[in-house]
Every structure is written in C-alpha cells, then in structure tokens.
Number of protein chains: 2
Amino acid sequence: MANAVVSQSGGPTGVINASLVGVIEEAKKHPGIDKIYGAVHAVRGMVQEDFVDLTDADPAMLEIVAVSPSSALGSSRDKPDAEYCEKILAIFKKWDIRYFFYIGGNDSANTCKIINDMAIEIGYDLKAFHVPKTVDNDLRTTDHCPGYGTAAKFVACALMGDDLDNRALPGVKIDVIMGRDAGWLTAATALAIERPDDGPHLIYLPERPIKIEDMVAQVKEVYDRFGRCVIAVSESIRDTDGVGFSKKSKEDSEVDSHGNVQLSGSGALADFLAEKIKTGTGIGRVRADTFGYLQRSFAGLQSDTDVDEARRCGRQAVIYSKEHQSGSVAMKRVSNGADYSVDLFLTDLCNVAEHTKELLDEYINEAGNGVTDAFIEYVSPLAGKMPQTEYLGNLPKVTK
Amino acid sequence: MANAVVSQSGGPTGVINASLVGVIEEAKKHPGIDKIYGAVHAVRGMVQEDFVDLTDADPAMLEIVAVSPSSALGSSRDKPDAEYCEKILAIFKKWDIRYFFYIGGNDSANTCKIINDMAIEIGYDLKAFHVPKTVDNDLRTTDHCPGYGTAAKFVACALMGDDLDNRALPGVKIDVIMGRDAGWLTAATALAIERPDDGPHLIYLPERPIKIEDMVAQVKEVYDRFGRCVIAVSESIRDTDGVGFSKKSKEDSEVDSHGNVQLSGSGALADFLAEKIKTGTGIGRVRADTFGYLQRSFAGLQSDTDVDEARRCGRQAVIYSKEHQSGSVAMKRVSNGADYSVDLFLTDLCNVAEHTKELLDEYINEAGNGVTDAFIEYVSPLAGKMPQTEYLGNLPKVTK
C-alpha cells in the first residue's frame, strides 16, 4: 500500500473537475492505494507540500465538484525544470507517494514525463499518468480532448444568440474565440448554424493565414448578400506574413512563464479587426466582442458527453496504473452520429507532451473561411444536445 | 373585428420572445381581433409595411420562439418623431390596425405614448399597449422588468465560473457588465457568491461615483487579504467629477503612442481599469473581460421565473386591451422568498416613458462597492435556480 497524488494544471475547463472526481472514485477502489492526496495549485503545491486529503471526501460533495467549472484543486502555470522535478520526487518519497495522476494539457503531459523519467533513473517506483484536458482540443493522439465539448457548446450557444441579435439589429459582428495555436474551438461556432442564412457566416482560423484586405472583402460580400455579417475569429489568426493579428494590434504582449503570448482578456484584436472592417467596407454598424474566460469557466453549462468522458478518463488513468508504469489516457472514436461512442486507450506520454495538433485540413473549407460537413459530424456529438431557435422576420411578407 | 400589430424594439433580451408569444396566444382568443400582424424591425417595419402574418402561427413553432433569445421580429433603434408617427398611423388605418402591442424599454413606451396621443387627437380608435423588457431593469413603476432575471442569471453564472477560475490561477480579474445608466445588472453578479471568500469581492455601480485611486486601494486591500480579487464593474461607472470612466478610457487611448483614434472599443474600459490597477498595485496578474452581447442574447439559458413572467406580461397586455385604451403592463411583488409571486397591473404610459430608474439606495452597501442582503432577497427569485459549485483548495492542509 502506498499513497496517490492527483492534481490539475494549466488553464481550467468546464469538466476538468469531472476527471478529478473520476480519479478519486477509482483510486478509492484501488487495492494498492492508501491515501489520496490532492496537490493544491499543481506542481507548486507538490513542492510546497500543500496537500489536502481526498480519501474520505463526501461522495455527495464530489458530485457537486464534478459539475463545477474551473480547477477545484487550483492550478499553476509553472513549467518545472529538472531541479523543480527533483524537489517534487523528494516530496513524493517523504509522503510515500507512488501514484501520480496529473490532469492537464501538453505541458502537463511533459511535466508528467520528466518526473516519470527521473523516477526511473533514480529507481523510485512511481506510476505516472496524464489525464488530458484542454478547451483548445489541440492534444495529439486522442480523437478529442475532455473540456473541448463543453467549450464548444458554450461558443456555439453564444454564436446562436449573437446571430439572432445580429438579425434583430443588423450590421457586422465580430466574435473573438479562444485557441492558442489551433482553430478547433473557433471552428465549433459553426454548430450555431441552424438555417442557411445563419451566422457565423465567416470563420477565421490560425491554420489559414489571411491578408486583412481579403478578410474585409469577404465580409463585404456577405454583407451585400444578407444585409449583415457575423464572423468568428480565432484569437491566434495570423497574416500571410506569419505574424499574428493579435501581435499586430498590440504594442507589447504579455508573456506567461511558458513563453506563451497572453491573448485572452483584452479587446485589442477585436477592436483592431472592427476598425479595419469599418474603414474598409464603410459599413456603419460594426461591433466586436471577445469572449474571454467565460469560454472555459462558466457555471451551469456542460456538454453531457464531455462530462461523462472526462470522468471516464480520470477513472481509466487509475485502472491503467494497476498494470502499467506510465502513460496518457486517450480516446478513439469507434462509432459516430446517433451511435457515437469512444474507446479509451493508453498512449506513451511522449505522444502527448509538448507538441500540439492543428485543426485537420479535411475540416476546413476550400475558401479557408469556414468548416466542412465532416467537421460538423466530428464535433456534434462532443458538444451534445444544442438548443433550438426560431426567427420570424423571415416569414413571407403580407401584401395589401 | 379589426387587426392587431405586435412588434419588438430596442436591445434584445433572453425573454422578449416569450412576451411576443404571450401577445400572440392571447390575441388569438380576443373576440375583437381578426389578423395578428408582426411588424418586422419595429417602427421601421410599420412605416415600410413590412408585416408578417402570425394569426395562424404553428403553436409548436411558437414554443421554440418563446425560448429563443433576441427579438424574433427584429428590432430597431429608430426614435420616431411626430412625422414618423403620423406615417405609422396612416399605415395602421390602411391595414385596419386598431390594436398596437409594443414590447420594449422606456423609449418604446414613449413611442407607444406618442402614437396613442396622436390617435386620440385625430379620433382614430386605437388601443396602444406597452409590454416592458430590458436587461438593464431600469424601467420605472414595475417591481422589475422581463429580461432582467435571465441576464442576471447569465452574469451570475459567469462570475461564479470566473471566480473559480481566479481561485485556480489567482490574480485580479475585472469583469465589465452591461447597464446603460443603472447598476441593476452589475449588482446581480453578487448572486455568484456562495462562500464567504467568493467573488465578486467588489462591485462598482454608476450610482456610486468613485475616484480611480480609491478603486485601486480597495482592490489592493482585497488582494492582500485573499491573495486574489474579482471585481464586477458596470460599463457606465463614473468618476466623482461625473465623467464616465468609459469616456476617460477613450481619451486615454487617443493619446497612446500609436496616435490612432480607436473605435468605441469593446475592451477599452476593461483595459483602462486593468492598466490603472496593475500600475497602481504592482500586482502581476491582472486580467479583464467585457461580457458584451452574450449577456442579452445567449441561446439555451433562461431564468424560469423570467420566461414565465415575460409571457404573462404579453398575454396581459392583450387582456387589458379589452377594457382599457392604453397603458404599460407592470409587476408588483406580492410575496417574496420561497413563496415569491407577482401581480400584474396597468400603469399609464407616461409612468414608464423616457425616464429610467436607478438601483435603489437600500440595495447598495455603505462602502458603495457591493450590495446589501435586501438586494439579494430582491434579485434571487428573478434569476431563479442557480448552479451550485465546490472548491477543494480550501480544505484543511495535511501535515507530515
């Protein structure tokens, strides 16, 4: 019998706590696990011995945790180096921690890998498992990532409402969506489309660099056709010269400790695009919103599929720890549509660590400003049941 | 037998369509009403004879309309003058429209009043009724306004998630909330507070002008106590000199190093406050979001109380038209808490037109940076059932 530690790292999601509860409930059944510790604020909590005891956590309380957004154990942006990881391993020894479950993105998979490699090197018997999470859906190997479906549902519900708002008071509306390197979440706004003339009419993705003049021309074309235009823009879209519009719109960008440019939380990109479109088209009513943190942490909105899968992935990490040394839990889609289901499988940590996965070519339309039917088939089951809406202004006009 | 026209004006809300459906379903039962026309894009649709026939609208389809955000008949920002209203009355005569149901805010009540006065003056028999809607909750006479409860629920769910996000990755978070002249919606973010140390820790309202230095000092005080601070700020907060911070932030951006005149920037106020707080406190992680149109048009999120009341108000306008000439439907709270209920009553259009209602003094705390228990009692039944969340990082630390 030894102890386990579970922790959450990186940006929060709407279902990262479902994975946490999955780990806890399965760890309680694990014959080799005595105490289940939660490390508060990820690796920082590990080096500071900031542990809470989750072994006898009230199951009813855990059910509320599972539907709470954000990271219930706190998070951290620390990117541990070798020295940092040595400290973590020393603490693990001190606390007799021999099971390590780390819920996070590709940076967290990498941390998990470094600690695992180091444990092997010094001959410390540690089981190290990564449970995937991101709203960006940019992890490799897995079909999709827990956290993505819920964020996809949020942005689609937002665009559905915003498109109806734009019908009511027509003009150009720009919505800037999260996605550090990949367009997966921005692409999911296409789920808002119920009718042929529904927005988002244009979707701009980092995978398809574009000249601002071309974007302006495309907006004008849609506006001339429908009398309005709703566009979804990834925060990380870039010019054909490779420079991000976000960078172009800012004098200086803040950088987090991973070297990632902080893109969210400011209206700079939205305002930059609004001004270019306004001056370039002469359209009077141009509005822009930046969705910000609401996309990843909004109480009371989850995709049922996503929350189920997140919990399964957490449980499965513990199950894998019985027979395997380390790895990352991944999903494989075995059937789609109404029969949608996934199988879980174990993949090496190195298959998830560091690198990211772009939105696939087959999911982007030929013009590079929208998605394909194949993408809608891919994303629909992940976001789960969407609301239905009606608009009456398109009914046939009565004449007298 | 004569015809009726129904229309929606001003900014959309999450339940303005429930009021529309209420008008339609009750008008179908009205013995004096033959055709029920919807004027598309409010007064503009009336002068352009842009009517759709809602008399035989499919009831199943109308149920979807009732849960759809935004204005299903479109909207308009036109403020009709006497000449404009004369045109409307000429169209009413041509179409034999003798019932006018107008769903909107105080400007719409005023339009309804002008048309009603003019009809009386020229001896045209018209029934003119206003059905209230706003997310701002700033209409006079009524206890509260359809549209407010749903927007309140949205901003509270947003702050609930955002506060948990801020626990996970601590720092200062600023959320800018809608509210043209009044702080009602910003105040509703207090519904996010479940635990004593939950945010929003500070709530800034237009009813309480504040010096930026005082705001910075208050943020620092909260940050020193909790290691983090979440603040909700009304878009219309103002300095003690009476000038709105939104205006000040635009002046600021005009003198930036680019020399570019910005649009009425979507994130300008948020970024302005973030900069002041960052430089004023020296805190490293300061983030800001501006919620934008999501607050008023988000698919799939409604307050049950709100949608019920909005529909009742629509129906009641038609019922009043049987025995009265004109007026606005208003609500009076007859009981609160678990027994919450309202009675509807008819008030003169002049009691709603033009002027707005500020957040009451008794709902603002003494320090002017939060709300009172009385406000929570006022707003809770309007937002309806809220999600529940849990955070584990506050559990007792284990020592070894």
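None of the figures in this text is laboratory data; all of them are computed from the coordinates on show. No experiment lies behind these values; they were computed from the predicted model shown. Glycine gets a Cβ as well: all are built from the backbone with ideal geometry, and neighbour counts include every protein chain shown.
From the list B:Thr134, B:Thr141, B:Thr186, pick out the single residue that is polar (S, T, N, Q), more than 14 Å from chain A (Cβ to nearest Cβ) and without any contact (Cβ under 8 Å) to a residue 60 or more places away in the chain.
Working: B:Thr134 fails: without any contact (Cβ under 8 Å) to a residue 60 or more places away in the chain; B:Thr141 fails: without any contact (Cβ under 8 Å) to a residue 60 or more places away in the chain.
Matching residue, one of B:Thr134, B:Thr141, B:Thr186: B:Thr186.
Would you confirm whether any residue within the range B:222-232 is within 26 Å of B:Arg195 (Cα to Cα) and under 21 Å from the mean Cα position of the chain (by Cα)?
Within the range B:222-232, the subset within 26 Å of B:Arg195 (Cα to Cα) is B:222-232.
Filter once more, keeping what is under 21 Å from the mean Cα position of the chain (by Cα): B:231-232.
The answer is yes; a qualifying residue exists.
Take the range B:39-73 and flag every residue that is touching a Ser or Thr at 6+ places or on another chain (Cβ under 9 Å) and in a loop (DSSP other than H, G, I, E, B).
Passing the criteria: B:Val40, B:His41, B:Glu49, B:Val67, B:Ser68, B:Pro69, B:Ser70, B:Ser71, B:Ala72, B:Leu73.
Please identify the pairs in which a residue from the range A:313-328 that is farther than 14 Å from A:Ile24 by Cα has its Cβ atom under 8 Å from the Cβ atom of a residue that is in a loop (DSSP other than H, G, I, E, B) and of a type in the set (Gly, Ala, Ser), counting only partners at least 6 apart or on another chain.
A:Lys322/A:Gly32
Of all residues in the range A:47-61, how many are touching a residue at least 40 places away in the same chain (Cβ under 8 Å) and facing chain B (nearest Cβ under 8 Å)? Full working, then the answer.
Applying the first criterion (touching a residue at least 40 places away in the same chain (Cβ under 8 Å)) to the range A:47-61 yields A:47, A:49, A:51, A:54.
The next check asks that each one be facing chain B (nearest Cβ under 8 Å); those that pass are A:49, A:51, A:54.
Number satisfying all stated conditions: 3.
What single numbered condition from (1) in contact with a strand residue (DSSP E or B) (Cβ under 7 Å, 6 or more places away or on another chain); (2) within 13 Å of another protein chain (Cβ to nearest Cβ); (3) closer than 28 Å to A:Gln302 by Cβ fails to hold for A:Arg44?
(1)
Could you say whether any residue in the range B:104-125 is polar (S, T, N, Q), buried (at least 19 other Cβ atoms within 10 Å of the Cβ) and outside any helix (DSSP H, G or I)? Break it down into steps so the answer makes sense when it comes.
In the first step, residues of the range B:104-125 are kept if they are polar (S, T, N, Q); the result is B:106, B:108, B:110-111, B:116.
In the following step, the residues that additionally are buried (at least 19 other Cβ atoms within 10 Å of the Cβ) were identified as B:106, B:108, B:110-111, B:116.
Okay, now just the ones that are also outside any helix (DSSP H, G or I), so none.
So far as the range B:104-125 goes, no, none of its residues is polar (S, T, N, Q), buried (at least 19 other Cβ atoms within 10 Å of the Cβ) and outside any helix (DSSP H, G or I).
Could you check the range A:126-162 and list, in sequence order, the residues that are hydrophobic (A, V, I, L, M, F, W, C), assigned to a loop (DSSP other than H, G, I, E, B) and closer than 13 Å to A:Val329 by Cβ? Working first, answer last.
Taking the range A:126-162 as the starting set, the residues that turn out to be hydrophobic (A, V, I, L, M, F, W, C) are A:126, A:128-129, A:131, A:135, A:139, A:145, A:151-152, A:154-160.
Cutting the leftovers down to assigned to a loop (DSSP other than H, G, I, E, B) gives us A:126, A:135, A:139, A:145.
A:Leu139, A:Cys145 - these are the residues of the range A:126-162 that are hydrophobic (A, V, I, L, M, F, W, C), assigned to a loop (DSSP other than H, G, I, E, B) and closer than 13 Å to A:Val329 by Cβ.
Can you pull out the residues in the range B:159-177 that are out of contact with any Ser or Thr (no Cβ under 8 Å at 6 or more places or on another chain) and buried (at least 24 other Cβ atoms within 10 Å of the Cβ)? Don't jump to the end; show me each part of the working.
We begin by selecting, within the range B:159-177, every residue out of contact with any Ser or Thr (no Cβ under 8 Å at 6 or more places or on another chain); these are B:163, B:166, B:170-171, B:173-174.
Within the range B:159-177, B:Asp163, B:Asn166, B:Lys173, B:Ile174 qualify.
Name every residue in the range B:325-363 that is surrounded by 13 or more Cβ atoms within 10 Å (Cβ to Cβ) and on the phi > 0 side of the Ramachandran plot, in order of residue number.
Residue satisfying the conditions is B:Gly327 alone.
Only one of these is touching a helix residue (DSSP H, G or I) at 6+ places or on another chain (Cβ under 9 Å) and more than 14 Å from chain B (Cβ to nearest Cβ): A:Asn336, A:Asn394. Name it. Walk me through it before giving the result.
On the way: A:Asn394 fails: more than 14 Å from chain B (Cβ to nearest Cβ).
A:Asn336 is the lone residue from the list that is touching a helix residue (DSSP H, G or I) at 6+ places or on another chain (Cβ under 9 Å) and more than 14 Å from chain B (Cβ to nearest Cβ).
If you take the residues in the range A:22-74 that are surrounded by fewer than 18 Cβ atoms within 10 Å (Cβ to Cβ) and of a type in the set (Lys, Arg), which one is nearest to B:Leu395 (Cα to Cα)?
Of everything passing the filter in the range A:22-74, A:Lys28 is nearest to B:Leu395 (Cα to Cα).
Is it the case that some residue within the range A:370-389 is surrounded by 15 or more Cβ atoms within 10 Å (Cβ to Cβ), in contact with a strand residue (DSSP E or B) (Cβ under 6 Å, 6 or more places away or on another chain) and in a loop (DSSP other than H, G, I, E, B)?
So far as the range A:370-389 goes, yes, one or more of its residues are surrounded by 15 or more Cβ atoms within 10 Å (Cβ to Cβ), in contact with a strand residue (DSSP E or B) (Cβ under 6 Å, 6 or more places away or on another chain) and in a loop (DSSP other than H, G, I, E, B).
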